[in-house]
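Throughout, read-outs are computed from the coordinates displayed, never taken from laboratory work. Since the structure is predicted, the reported quantities are computational estimates derived from the model, not experimental observations. Ideal geometry is used to build each Cβ from the backbone, glycine not excepted, and the neighbour counts take in all protein chains shown.
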Amino acid sequence: MKVIHTNDAPAAVGPYSQAVLAGNTLYMSGQIAIDPAVGKIVATTIEDQAEQCCKNIEAVLKAAGTDMNHVVKTTCFLADIADFKAFNEVYAKHFVSKPARSCVAVKDLPAGARCEVEALAVVEG
């Protein structure tokens, strides 16, 4: 196993890694809308938070040597299911390969986040 870390995505806020590569499978921890440049969530709308989540995922994927087209499964968490449509519009722009997905509403997310996305991806080579 190889731990993946990049300064282009937020540091873990607990005892875990941004991602772990096992064989050719990348297991990513959930990403919330923390802006790595300032270390906190600055976006307020679901659209802007979803955008930041996707940017964070892209940064971790790049650090692991892969990209969004190699994501095979995501799990998405929304603090309010009423955000589902707006979240999907942003998500669809980034996950154009349409990986398998689960999306659920939860009571709360860390740091007051409105959404969180975790991913599994293939790393070739």
I'd like the orientation of helix 46-64 relative to the chain: the angle between its Cα long axis and the longest Cα principal axis, in ° from 0 to 90, rounded to 10. 10
Given a 10 angstrom Cα cut-off, can you work out which residue in 30, 39, 14 is the most mobile in a GNM of the chain? 14
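How big is the C-alpha Rg of segment 2-122 next to the rule-of-thumb value 2.2 N^0.38 Å, as a ratio? Write down the numbers at each step before the final one.
Details: Rg = 13.1 Å, N = 121, 2.2 N^0.38 = 13.6 Å.
Normalised Rg, Cα atoms only: 0.96.
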Reachable aspartates and glutamates from residue 2, criterion Cα separation under 15 angstrom, eight or more residues apart if same chain: 124
With θ set to phi - 60°, apply the Karplus curve 6.51 cos²θ - 1.76 cosθ + 1.60 along segment 104-118 and write out the HN-Hα couplings as whole Hz, x wherever there is a Gly or Pro. 9, 8, 10, 5, 8, 10, x, 6, x, 4, 8, 8, 8, 9, 10
Only helical DSSP H runs with n ≥ 4 go in: add -39500 (n - 2.57) per run for the chain, normalise by residue count and round the 222 nm mean residue ellipticity to 500 deg cm²/dmol. -8000 deg cm²/dmol
Under 5 Å between amide hydrogens, which residues at least 5 positions from residue 26 or on another chain qualify, with H placed 1.01 Å from N in the peptide plane? 121, 122, 123
What Cys residues in the chain are without a partner cysteine, judged by a Cβ distance under 4.7 Å? 53, 54, 115
In whole Hz, the Karplus estimates of ³J(HN,Hα) for segment 31-36 (6.51, -1.76, 1.60; θ = phi - 60°; x where Gly or Pro) are 10, 9, 7, 5, 7, x
Show which aspartates and glutamates lie in cross-link reach of residue 93 when reach means a straight Cα distance below 12 angstrom and same-chain residues fewer than eight apart are skipped. 47, 51
